[in-house]
Amino acid sequence: MPEVLAREEDVVAVTFPGEKMRGACYTNHTFEYDDGSTHLSPGRCGSSRGGRGVLMNVQDLEMIAGSASVVPSLQTRFRFQDLLLGDQALQNDDRVHVEFYVDENTFKERLKLFFIKNQRSSLRIRIFNFCLKLLTCVLYIIRVMTDNPGQLRNTCIDCNGTTMTNDINWELIFWVDRKVPVWAIQVIVASISFIEAMLLTYLSYKGNIWEQIFQVSFLLEMLNTVPFIITIFWPPLRNLFIPVFLNCWLAKCALESMINDLHRAIQRTHSAMFNQVLILICTLLCLVFTGTCGIQHLERAGKKSLSLFNALYFCIVTFSTVGFGDVTPQIWPSQLLVVVMICVALVVLPLQFEELIYLWMERQKSGGNYSRHRAQTERHVVLCVSTLKIDLLMDFLNEFYAHPHTQDYYVVILCPCEVDVQVRRILQIPLWSQRVIYLQGSALKNQDLLRAKMDDAEACFILSSRNEADRMAADHQTILRAWAVKDFAPNCPLYVQILKPENKFHVKFADHVVCEEEFKYAMLALNCLCPATSTLITLLVHTSRGQEGQQSPEQWQRMYGRCSGNEVYHIRLADSMFFREYNNKSFTYAAFHAHKKYGVCMIGVKREDNKSILLNPGPRHIMAATDTCYYINITKEENSAFIFRQEADQGKGRSHCDILNSPSGLPVHSILASMGTVALDFQNTSPTKSGIKLAPPLENEGGSRRPSIAPVLEIADSASLLPCDLLSDQSEDEAGHSDEDITANEFVKGYPPNSPYIGSSPTLCHLLPQKAPFCCLRLDQGCEHVSFEDAKGYGFKNKLIIVSAETAGNGLYNFIVPLRAYYRPRRELNPIVLLLDNLPDDHFLEAISCFPMVYYMGGTIDNLDSLLQCGVLYADNLVVVDKESTMSAEEDYMADAKTIVNVQTMFRLFPSLSIITELTHPSNMRFMQFRAKDCYSLALSKLEKKERDKGSNLAFMFRLPFAAGRVFSISMLDTLLYQCFVKDYMIPIARLLLGLDTTPGSGYLCAMRVSEADLWIRTYGRLFQKFCSSSSEIPIGIYRTESHSPPEFQGSASTEGLNDTREKGEESKILTRSSSSSDQSEHPLLRKKSMHWTRRLSRRSVKRSDSSLSSIQQRLGVSRRSEREELTELVRNRMQHLGLHTAGYNELNDQQNSISYVLINPGPDTLLQLNDVVFLIRPDPLAHVPDAPPPQTRRCRSTTDTPELSKV
């Protein structure tokens, strides 16, 4: 196509299809061709008709191919015009007005737009048509009611002739008595229907006229309208019978079309189940109505006619297959009609029922809808998951409905997968079937979010699928779901669970976010410093009434179960009966006296003008009436009854009970509370003028007095609080420095320069002055800077912490930070060794190179050489992290198989090593440290089943590995996200306790061990006072370890062939072997209790057959010694092969015959035992740093009263 350069001086007219263009003219067009020649076309005007597209009516344009030409310069007048008008002249001269969609301006298209395309107008037409069809049916019934066959001879054609044949009066079949008003209305309606039918046929015509004519609806329309129009021009046919009752089928079609248009108009979609049910009902009504009217009309020709009611009765009885036989058709035309109707019903109804059943089955899979009416009148939450497992569902339901506030809520589950058989069985239980609705759908589809009524939901929980092999892909799906929900329902609160910490910033807009790997690694790290931190946090975030284990014969199980009911609650100080009397007092003073008087443990506070929660802000924080107090207790204060019993005389009866209405110091005792409340066990404390100072009782008859404990001051005294220097260390205050401390003193405090992911909280840590080279981080390979190739060569002073993981993910960063926090003493920092299946990348090494004593090496825990080389003999804790590659298995609960077997092997090889294991499924923790012949473990298994049958959410708590903090599953922390719906402060408090967040002025979690020199304190209440008065620390619980009976007795008992009667008797005896089976007041010393129960077990064993029992014990002892010797020899051989020293391995002893458990907020009268580990919330050292620190001592603790408790 040759190029044409045209200069147009006037407007070019354009014509459009189907429309004549007004003033289609062009004038004075000068065209310049490629060869430089010009052609002036004279002006002409005319009209043009074009087809489709745009047709420019320029016929004199000649296009000649040629070479490129140079555009000549414009004349002077054009230059002056362009100078004055600028671009405006070009815009006015060169503009071409183009109209679009002109094909829709035709008369046919306008009619089609009104009758068919437009949603609202089409809906009005459908409604009008439906009403017309119903009107014709009503007119037919009126005509039947007013029918008088006796007048037919005067009004019909040839009615005087004889038409009786075989007792059938055919004239009554073809002719009816139609009154003139009825006929007139029917003619008008028929005319309108005829015009509408012809118009719609014309508009929907697509080239095949026969297809339009032979449609059933068109034929019925013509049958019911054309005869009426003919009667207008031929009056004798006005009484001709016309089957107008067949319009009911046209009304049915109009109703279906009306529903479809209604859905389009209001942009709402009813379920297909509703549409199909409506169609089925309409089909049945049409069949009954057609049969009723047809039989009634045909029976007019017989000897005995039927009324409409009798005909309706006959149709109902016939179609319901009852068939009484009292009303039957008498002539063969009506009998033939019955046969035809039954055949039609046998064809039509099964098809309708088949479609209905199919839709019902599909609805059972998809779950249907949550109705808009229910969403507006009732409250509900939505749970979005990728796959719904039975454990996840039960954890959510049990925790969500554990609070009275959520009892009237509905739970709508939105899951893209089909409901599982087990989940379906659970949802059919009456307890859940009335409150849980399962919807199959995707959160990324607005239709499914509309089905779940997400915009009306009180909250939306979005959970990740942790069992996926690709956890990053699972996070991506969770992020998209969160974005979709936020886009659809911006005001709906979001509770999001994310797996990888690097993906957390994508869902930062959510109201509450729980990152699994952040919490997991931080909890595992604190387990190495504070034993059983995982058990402590898990019990705090689970809702319980503290009734677990109360029927057990063992004291430790009853105490452990009762203390597990403690949770975190909050209340405003001015509204609290616990704390309002401590207004304008120090936080430490209020915490101590609230625990002493009410047994509650206040752990934190929040100012009204500050959004940050402060854990143990210290004695310098003065309580205000507007402060929000956070405390640990069995139940919240609103559900507690405060009843005081005053004692006039100690030896006489008690007086009546008074309800506490104001702060008082009256002596009180334990009380009973009504259902829904919890009674508080108050202590018998009488206020004295001197405050809270305890009178030191006599220790012995000799008159020596127990050392006293300083009182807790109401207002912090600046002279009594010794400041701490931020840049110093508590351990540096020891007298003198040895050569071993030179390396520790080279550490500096600061913020890590490189964070591995976006969104990590900055934490002040111990850092190296300069980053370590990457080659120095490799433990098993020497370099030019370090020549050591194993942990022994480094000569670490403190025990190692070994972490076994599959890959060096960003979550490991949260394992290192709590262990290198600035408040950890430098001399107590444990070296960290990362035992990785896959070597880390440079990005991860860059992040950890600034931390002191952090190393890595390649290897696995199932390789004994790797364990020995990384220093397992010199380790205090070995943390086994669940591997992502094993989380997905064909059988769900087999995902932990490899981890459990490997840990069991290490448990046998290194009995004294503390192994902390993470599992995917909490139910698999029963296999940790498994002993097949341990009757005590079997008894605990039965106890767990009993608690589960009672509906306990913490049935697994009595498993010894969990109680001791040796096993942990991240799924246990799912309840942390669920609790935030009722307690929105739980995630911030958990993050502060685990060290994930550091708020200025907020304390941190640590632990102290009770030594033999500290047993003079005797009770937990006195210990609380000691910490509050000396170091302002708040105890929150105890980690207790008690001796356990040797397994030889258990093994011998299990190998004995006893009958059923003796087994039942021995089961109760086995459960009484704990050292604390009696009350603590009767047996305060652990050693005496252990010896007592050992003697009982020995006597019980002697009562059996002495000869057989001793032989069994000897065989078991020989087998155990031989097994122990084989394992020892195996480890020694591998150590010699690797060139390691074998001297340290002989010192390993089997110390597994003990029971450890956690007591959260025990009572003040709880007796302390040797080696108890006390969980403390220590105040922030930064909060006590003065502007000018005094030159004297920099100790943070006062040791003037008593010997200081030893640190863990």
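Remarks
- Taking 0.36 nm per residue of sequence separation and removing the Cα-Cα distance, the R372/I192 pair yields an extension gain of 60.9 nm.
- Of every Cα-Cα pair in the stretch 521-603, the percent that sits beyond 22 Å: 46
- Label-point separation in nm, I390 to N491, each point 7 Å along Cα→Cβ: 4.1
- Packing-based ranking, highest mean first, of 1020-1033, 824-837 given that Cβ atoms within 10 Å are counted: 1020-1033, 824-837
- Förster radius 30 Å - calculated FRET efficiency between D841 and L1138 (Cβ-Cβ, nearest 0.05): 0.60
- With the gyration tensor restricted to C-alpha atoms of the stretch 202-297, the semi-axes of the equivalent ellipsoid amount to 30, 21, 11 Å, longest first.
- Here the label points at L349 and R1009, each 7 Å from Cα along the C-beta direction, are separated by 8.4 nm in the simple model.
- Near Y401, once Lys and Arg are set to +1 and Asp and Glu to -1 for all other residues with Cβ below 12 Å from its Cβ, the sum equals -2.
- FRET efficiency, 1/(1 + (r/R0)^6) with R0 45 Å, evaluated for I230 and E109 via beta carbons: 0.85
- The amide H of I916, built 1.01 Å from its N in the peptide plane, has L878, V879, V880 as neighbours under 5 Å, considering only residues 5 or more places off or on other chains.
- Highest average packing first - 319-329, 585-595, Cβ atoms within 10 Å: 585-595, 319-329
- Around T917: net Lys/Arg minus Asp/Glu count, Cβ-Cβ under 15 Å: +2
- What the Cβ-Cβ distance of K445 and A932 gives, at R0 = 60 Å and to the nearest 0.05, is a FRET efficiency of 0.70.
- Computed magnitude of the charge dipole of the stretch 177-329 (debye, nearest 20; Cβ of K, R +1, Cβ of D, E -1): 240
- Where S1156, S191 fall by accessible area, highest first, once all protein chains stay in place (1.4 Å): S191, S1156
- Under 14 Å, Cβ to Cβ, from A184 - net charge with Lys/Arg +1 and Asp/Glu -1: +4
- For the stretch 1015-1028, 3J(HN,Hα) computed residue by residue from phi via the Karplus equation (6.51, -1.76, 1.60; θ = phi - 60°) reads 6, 5, 5, 6, 10, 5, x, 5, 5, 4, 5, 4, 5, 5 Hz, glycine and proline entered as x.
- Computed accessible area, K304, all protein chains, 1.4 angstrom probe, square angstrom: 150
- Once the Cα gyration tensor of the stretch 257-416 is diagonalised, semi-axes √(5λ) in Å: 51, 17, 15
- Reported to the nearest whole Å, the Cα centre-to-centre distance from the stretch 446-511 to the stretch 513-555 is 27.
- C131 accessible area, 1.4 Å probe, all protein chains in place, Å² to nearest 10: 70
- Each label was represented as a point 7 Å from its Cα along the Cα-to-Cβ direction; for V901 and Q151 these points are 9.8 nm apart.
- Put simply, when 133-140, 458-465, 214-221 are sorted by average Cβ atoms within 10 angstrom per residue, most first, you get 458-465, 133-140, 214-221.
- Cross-link pairs exceeding 19 Å in C-alpha to C-alpha distance, out of K112/K206; K597/K1026; K520/K611; K636/K983; K504/K983, comprise K520/K611; K504/K983.
The values are calculated or read from the model by the stated rules, or taken from the named source; none is laboratory data. What you see is a predicted model; the values in this text were computed from it and never measured. Please note: Cβ atoms are built from the backbone with ideal geometry, for glycine as well, and neighbour counts cover all protein chains shown. Keep in mind that these areas ignore ligands, DNA and RNA; they rest on the heavy atoms of the full protein, side chains included. Shrake-Rupley method; radii C 1.70, N 1.55, O 1.52, S 1.80 Å.
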